[in-house]
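What follows is one structure encoded as structure tokens, with my remarks underneath.
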Amino acid sequence: LTYNPDNTRAKRRFSLPVDTLRRACPAQTPSHNDLPVVAAHWALAHMQLLSPMPRNTVDRNLPQWKGGRFGNNTCERTPPQNSCWGGDCQNGTQICDVGQNFLWFNQGCSIGCAECDGNASNPNKRDRCNSGMKPTNNDPRYRGLMRGVVPMSAEDVYQWNPWRAPGNAPVYSPCGAAGGGPNRVSTGSPFVDTPFARQGDLGTTLPRNPTGVVWRSGGTAEVKMSVRANHGGGYHYRLCPATEPLTEACMRQHPLNFTQRTWLEFRNGSKVEITGTFLSEGTTPPGSTWALQPFPWTPVAQYGSFNPPCSGWDNRTASTDPRPARLCEGVFPFGVNVVDELHVPALPSGDYVLSLRYDAESTSQIWTQCADIAISAE
């Protein structure tokens, strides 16, 4: 195993034995060079909140998805869309029973705009509403793509996308919209209408999904997400009291801070702590902290990205996308989950709705999903 000598924190926390690493991420060749190796820097979506389990998994018990079927090669090509590009997540050693969770997002949402337009936006290289807003996230350390490009120059083609001003771009709903919004945009994975939700339905209208998760007021809590398709960018978490209307304005009242402890979770349930990159300048709400997503586009030199946080190959024979791929990089890094520890604010006891907001960098898309939790002051 090798380490970047500039990252002593990563060296100190990386303590898994080689046998554990080999089981976590089987290599395609016997070479030790293909074992997972913690790297120094990490930063770069169809994505999905895995824990706490969100309301957006409402269809997980329907026959097409029950038992994680939409995440493996037994999923059905459901009419009328006839699509079978599943979530393909792995919840540690457990079945990733999430239905169409990864298809609840917001499509066509640029910074400076009053609303999303719902139209095709992958990739996006324009100011979709001609707002003229300038990006606020311009430091290359907090960008996952084209780090060598001069900000706001003609070559800075992604400057209007959500991650370039984290939290500023509008959303349809802080809990997402089925299929990204009212328009059914051509994609490799269209939303399949069900009795629970149809294309364009808002996640705020979904029924409560009691998780039994209780956070201690003033304590810490862990959350977990998976990236199905990598569009760069970053994310943060926030809360709204369950007694109040679920709006973006309510969520902005209670942004959650990271403790800045982050782990990668592999298919065998093992975890490795890594050093994250966090941004709190030029964000909305002001001063809110966002995490740069840990998986880079590769080759790094081609995309102006950064070194991946681990190396090794992912065994995907039981996925809807069975092509072998490296673990912590590229377009489809769904074999590894991201676990973050959060500070729980000193809030009164009661029921709350947790929202994950993920602002993409190469597209004008935002993933938002919601989970029901409780906070106890005792």
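Just the accessible area per residue of region 159-256, please: how many Å² with a 1.4 Å probe?
I get 36 Å² per residue for this part.
Name the residues whose placed amide hydrogens come within less than 5 Å of the amide hydrogen of residue 96, ignoring near sequence neighbours (fewer than 5 apart) on the same chain.
Distant-sequence amide H within range of residue 96: 91.
Measure out, as a whole number of angstrom, how far apart the alpha-carbon centroids of region 135-185 and region 317-378 sit.
18
Which whole-Hz couplings ³J(HN,Hα) result when phi for each residue of region 230-239 is put into the Karplus expression 6.51 cos²θ - 1.76 cosθ + 1.60, θ = phi - 60°, listed in order with x for Gly and Pro?
Taking θ as phi minus 60°, the curve returns 8, 10, x, x, x, 8, 7, 10, 8, 10 Hz for region 230-239.
What is the projected area of the convex hull of the Cα atoms of region 270-369, averaged over all directions, in nm²? Each step should come with its number before you reach the end.
On the way: hull surface 37.3 nm².
Taking a quarter of the hull surface, the average projection is 9.3 nm².
Take 155, 361, 281, 222 and sort them by solvent-accessible surface of the protein heavy atoms, 1.4 Å probe, largest at the top.
Solvent-accessible surface, decreasing: 281, 155, 222, 361.
Taking the Cβ-Cβ separation of residue 93 and residue 307 as r and a Förster radius of 30 Å, what is the calculated FRET efficiency to the nearest 0.05?
Approximately 0.60, to the nearest 0.05.
How would you classify region 183-240 from its alpha-carbon gyration tensor, with a ≥ b ≥ c the square roots of the eigenvalues: rounded for a/c under 1.5, else prolate if a/b is greater than b/c, otherwise oblate?
oblate
Which of rounded, prolate, oblate describes region 266-312, given a ≥ b ≥ c as roots of the alpha-carbon gyration tensor eigenvalues and a/c under 1.5 marking rounded, otherwise prolate only if a/b is larger than b/c?
oblate
For a label point 7 angstrom out from the Cα of residue 152 toward its Cβ, which stretches of region 102-136 have the backbone nitrogen within less than 19 Å?
Only 110-113, 125-136 pass the distance filter.
Quick one: net charge of residue 256's neighbours, Cβ under 13 Å, K/R +1, D/E -1? Numbers along the way, then the final one.
Numbers: positive: 238, 252, 357; negative: 222, 340, 341.
Around residue 256, the surrounding residues sum to 0.
Can you figure out the FRET efficiency of residue 349 with residue 249, using R₀ = 30 Å and their beta-carbon distance, to the nearest 0.05? Walk me through the numbers before you get to the answer.
Numbers: r = 23 Å, r/R0 = 0.78.
Step by step, r from the Cβ atoms, then E = 0.80.
Enter the accessible area per residue of region 262-301 (Å², integer; probe 1.4 Å; all protein chains in place).
Heavy-atom accessible area per residue stands at 31 Å².
In square angstrom, rounded to the nearest 10, how much accessible surface does residue 303 have for a 1.4 Å probe?
80
What net charge is computed for the residues neighbouring residue 305, neighbours being all others with C-beta under 14 Å from the C-beta of residue 305, Lys and Arg scored +1, Asp and Glu -1?
Its environment carries a net charge of +2.
Under 5 Å between amide H atoms, partner at least 5 residues away or on a different chain: which partners does residue 242 have, H built in plane at 1.01 Å?
Counting only residues 5 or more places away or on other chains, the set is 351, 352, 353.
Please turn the phi angles of region 341-353 into ³J(HN,Hα) values with the Karplus equation 6.51 cos²θ - 1.76 cosθ + 1.60 (θ = phi - 60°), one per residue in order, whole Hz, x for glycine and proline.
Residue by residue, region 341-353 yields 9, 10, 7, 8, x, 7, 9, x, 4, x, 8, 9, 10 Hz.
Within the accessible area of region 157-208, what % is carbon and sulfur when the probe is 1.4 Å and the other protein chains stay in place?
Answer for region 157-208: carbon and sulfur cover 52 percent of the accessible area.
The values are calculated or read from the model by the stated rules, or taken from the named source; none is laboratory data. None of these values were measured; they are calculated from a predicted model. Every residue, glycine as well, gets a Cβ built from its backbone with ideal geometry; the counts of neighbours run over all protein chains shown. The accessibility values were calculated without ligands, DNA or RNA, using every heavy atom of the protein model including side chains. Shrake-Rupley method; radii C 1.70, N 1.55, O 1.52, S 1.80 Å.
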